[in-house]
Structures are given as C-alpha cells and as structure tokens.
Amino acid sequence: MQLKQPTPLKEIHETTVGSRIEEGKVTVIVLDGVKGTAWQTEAPEHGKTVIETRKGDLARVEFEIGYKF
C-alpha cells in the first residue's frame, strides 16, 4: 500500500472541515500555527500516524503500517 505524501491545503481560511471529508477514507489534517499552514494526508487502513515536530516546528509525518491476517 502506497500512501500519498502530505499535501498543503490552500486557502485555509476559506476551507471547512466538512469539505475535506472523503467517503471511505480517514484523513489527517495538521494545523501549523507557527508557519500558518495546514497539511492533509491519508491515514493508513491499519497502523499509526505519527506527527513529528522539532523545536516546535512541524518536521515530518511517519506511518507505521500493519497488515491484518
């Protein structure tokens, strides 16, 4: 399973949470109050999504993916 890279949300002040919902998917939205930006990525079907920061700044999103037997 290949996950998409996080993508920046444009026009964040006009974007609603409801407009970002996609049926059948779990989406993670990160709001960066330091830089005034927002990022969106798809969460794995089975696994963990970790948001990593460094010195209060958004650094990366890590996915720990598992497979159900």
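Quick notes on this structure:
- Each residue in the stretch 32-50 was checked for being among the hydrophobic types (A, V, I, L, M, F, W, C), in a strand (DSSP E or B) and closer than 27 Å to F69 by Cα, and 1 pass.
- Pairs meeting the criteria (first residue in the stretch 13-36 and closer than 12 Å to D57 by Cα, second residue of a type outside the set (V, I, T) and in a loop (DSSP other than H, G, I, E, B), beta carbons under 8 Å, at least 6 apart or on different chains) are V30/P6; V34/G56.
- Residues within the stretch 5-31 that are loosely packed, with under 14 Cβ neighbours inside 10 Å and not in a loop (DSSP other than H, G, I, E, B), tallied: 7
- Search result, residues across the stretch 48-69 that are in contact with a Gly (Cβ under 8 Å, 6 or more places away or on another chain) and more than 23 Å from V17 (Cα to Cα): E64, I65, G66
Since every read-out is calculated from the coordinates, none of them should be taken as a lab result. A quick note: this is a predicted structure, and the numbers were derived from the prediction, not measured. Please note: Cβ atoms are built from the backbone with ideal geometry, for glycine as well, and neighbour counts cover all protein chains shown.
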